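Undergrad: Before anything else, here's the structure in question.
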Amino acid sequence: MDTTVLSTAALIVGGCVTLIWLVSVALRNVSIVDIWWGPGFGVIAWTVVALTPDPSIRVQAMAGILTVWGLRLGLYLGHRNLGHPEDKRYVEIRGGKKQFWWTSLFKVFYLQGALQIFIAVPVFCAGMSNQAPTWLDVFGATIALIGVVVEALADLQLTRFKKRSDSHGQVMRTGLWGWSRHPNYFGNAVIWLGIGLMALAGGAPWWSLLGPIAMWFLLLRVSGVSMLERTIVDRRPEYKRYISEVSAFVPWPPRSTTSSTPE
């Protein structure tokens, strides 16, 4: 990786998250950091393109895919979060601490920025490659675009379900949500699998996959599946049966538990 490109991208991301932090302090709402998450990767990718002499079509394709994904996700989260109370995850992290306005800069904003730079390692590696595109590039790009569509479709289905008058307290089990409890996260993970494959196609070292692996870990074990399902059974008893019948992550035909006692 080119350290100049890496350090420049890190400075740009650091500046962006600092500005967003200042807005969050004024609003007393850390949730706005989520809006930056997707678009931030587009910013990183285009920084790589801009600072790379004669950038390959590979890294430009990555930037295009991440921009489409990031803008869609940012607009979706902006529409969902702006004007609403702070997300429960951040309320839990805040814990009523008066100094959180300051510590959130490091615990939330700079941490997220650092994670973005690390996850984007395949993009930095692709920026160094001038190898001609191969079938693996096409395959990786196709996988990534499928992930973009899956995540967008899952979010659209969930949004429509929540607008129904009879959806309060209910568990969505139609569409993609009938095959996976978190199809939006699965789509996100697939995007980064595709980006990783494209990087390998350009001759990137195996360790460039540590970025996508980190994203998968976050989705499964940190801020995604595990965190969301920690208390949801208490709020929605029907979710216990949903867990027993539907795959947590990878879409799969639901299991039948008709012989079990309904919740």
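Undergrad: Can you tell me which residue within the range 125-134, out of those that are modelled with pLDDT of 90 or more and over 12 Å from Leu200 (Cβ atoms), is surrounded by the most Cβ atoms within 10 Å (Cβ to Cβ)?
TA: The qualifying residue surrounded by the most Cβ atoms within 10 Å (Cβ to Cβ) is Gly127.
Undergrad: For the range 89-140, what are the residues that are of a type in the set (Phe, Trp, Tyr) and more than 13 Å from Gly40 (Cβ to Cβ)?
TA: Here is the first cut: in the range 89-140, the residues of a type in the set (Phe, Trp, Tyr) are 90, 100-102, 106, 109-110, 118, 124, 135, 139.
Tyr90, Phe100, Trp101, Trp102, Phe106, Phe124, Trp135, Phe139 - these are the residues of the range 89-140 that are of a type in the set (Phe, Trp, Tyr) and more than 13 Å from Gly40 (Cβ to Cβ).
Undergrad: Another question, if that's okay. Pick out the one residue from Ile143, Ile191 that is over 12 Å from the mean Cα position of the chain (by Cα) and part of a helix (DSSP H, G or I).
TA: Details: Ile191 fails: over 12 Å from the mean Cα position of the chain (by Cα).
Sole residue among the options that is over 12 Å from the mean Cα position of the chain (by Cα) and part of a helix (DSSP H, G or I): Ile143.
Undergrad: Here's a follow-up. Considering only residues that are assigned to a helix (DSSP H, G or I) and more than 16 Å from Asn188 (Cα to Cα), which ones fall in the range 61-84? Spell out how you get there, then give the answer.
TA: First, the residues of the range 61-84 that are assigned to a helix (DSSP H, G or I): 61-81.
Selection gives Ala61, Gly78, His79, Arg80, Asn81.
Undergrad: Right, here's the next one. Pick from the range 56-86 the residues that are at pLDDT 95 or above and among the charged types (D, E, K, R): which of them is farthest from the chain's Cα centre (by Cα)?
TA: Arg58
Undergrad: A further question on this structure: Which members of the range 49-71 meet the condition of being in contact (Cβ under 8 Å) with a residue 12 or more places away in the chain, within 19 Å of Pro39 (Cβ to Cβ) and either aliphatic (A, V, I, L, M) or surrounded by fewer than 17 Cβ atoms within 10 Å (Cβ to Cβ) (or both)?
TA: Looking only at the range 49-71, we keep the residues that are in contact (Cβ under 8 Å) with a residue 12 or more places away in the chain, and these are 49, 51-52, 54-59, 61-63, 65-71.
Adding the requirement that they be within 19 Å of Pro39 (Cβ to Cβ) leaves 49, 51, 59, 61-63, 65-71.
Those that are in contact (Cβ under 8 Å) with a residue 12 or more places away in the chain, within 19 Å of Pro39 (Cβ to Cβ) and either aliphatic (A, V, I, L, M) or surrounded by fewer than 17 Cβ atoms within 10 Å (Cβ to Cβ) (or both): Val49, Leu51, Val59, Ala61, Met62, Ala63, Ile65, Leu66, Val68, Leu71.
Undergrad: Let me ask something additional. Would you check which residues across the range 207-239 are more than 22 Å from the chain's Cα centre (by Cα) and either outside any loop (DSSP other than H, G, I, E, B) or closer than 28 Å to Met1 by Cα (or both) and list them?
TA: Selection gives Val233, Asp234, Arg235, Glu238, Tyr239.
Undergrad: Among the listed residues Arg94, Arg28, which satisfies the condition of being in contact (Cβ under 8 Å) with a residue 24 or more places away in the chain and either farther than 25 Å from Glu229 by Cβ or surrounded by fewer than 16 Cβ atoms within 10 Å (Cβ to Cβ) (or both)? Lay out the reasoning, then the answer.
TA: On the way: Arg94 fails: either farther than 25 Å from Glu229 by Cβ or surrounded by fewer than 16 Cβ atoms within 10 Å (Cβ to Cβ) (or both).
Answer to the selection: Arg28.
Undergrad: Let me ask something else about it. Check the range 95-106 and report whether any residue there is basic (Lys, Arg) and in a helix (DSSP H, G or I).
TA: Just the residues of the range 95-106 that are basic (Lys, Arg), to begin with: 97-98.
With the extra rule that they be in a helix (DSSP H, G or I), the set shrinks to none.
No; the residues of the range 95-106 include none that is basic (Lys, Arg) and in a helix (DSSP H, G or I).
The values are calculated or read from the model by the stated rules, or taken from the named source; none is laboratory data. This is a predicted model, so every value here is computed, not measured. All Cβ positions, glycine included, derive from the backbone under ideal geometry; neighbour counts span all protein chains shown.
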